[in-house]
Amino acid sequence: MRMSRILLTYAVSVPVFFIVDMIWLGIIAKGFYRKALEPLLTPNINWTAALLFYFLFLFGILIFALLPGMEKRSLVYTITMAALFGFIAYATYDLTNLATLRDWPLMLSIVDMIWGAFLSASTATVTYLIMSRIQPG
């Protein structure tokens, strides 16, 4: 696959990912996270750290799910690998917090790991479908 196609795939995935995640964090689960993490939340988000996570996470979806799935021409493979990647990545964070932080909510970890799988799978699915309609170039 040409580098231009790889970069385009990544570029397409960025707005898809942010739209899905912002709907979740800003609307659907806003109260859930705020209630669960209220004592730990900072009033000032560290946007550098947040954006670095997002762009690295998207790179992981690209490398471990999208590119191999596009190469195999398999949406099922893409979805499966993206969901697995998202689940494991979020589990790393959530289970570490559950193991090391006092009063870390178990339900938060469960919901967040499921969310990681869904976010990754939905981002990869939409990106795959868009890229399958764009002629290779």
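FYI, it's all coordinate maths here, none of it is from the lab. Given the structure is predicted, the values throughout are model-derived calculations rather than measurements. Heads up, the Cβs are rebuilt from the backbone with ideal geometry, glycines too, and the neighbour counts pull from every protein chain shown.
Of all residues in the stretch 117-134, those being polar (S, T, N, Q) and surrounded by 24 or more Cβ atoms within 10 Å (Cβ to Cβ) number 3. Considering Met1, Met22, the condition of being in contact (Cβ under 8 Å) with a residue 60 or more places away in the chain, surrounded by fewer than 13 Cβ atoms within 10 Å (Cβ to Cβ), more than 10 Å from Ala124 (Cα to Cα) and not acidic (Asp, Glu) is satisfied by Met1 alone. For the criterion of being loosely packed, with under 14 Cβ neighbours inside 10 Å, closer than 16 Å to Met113 by Cβ and free of Cβ contacts under 8 Å to residues at least 12 places away in the same chain, Thr48 fails.
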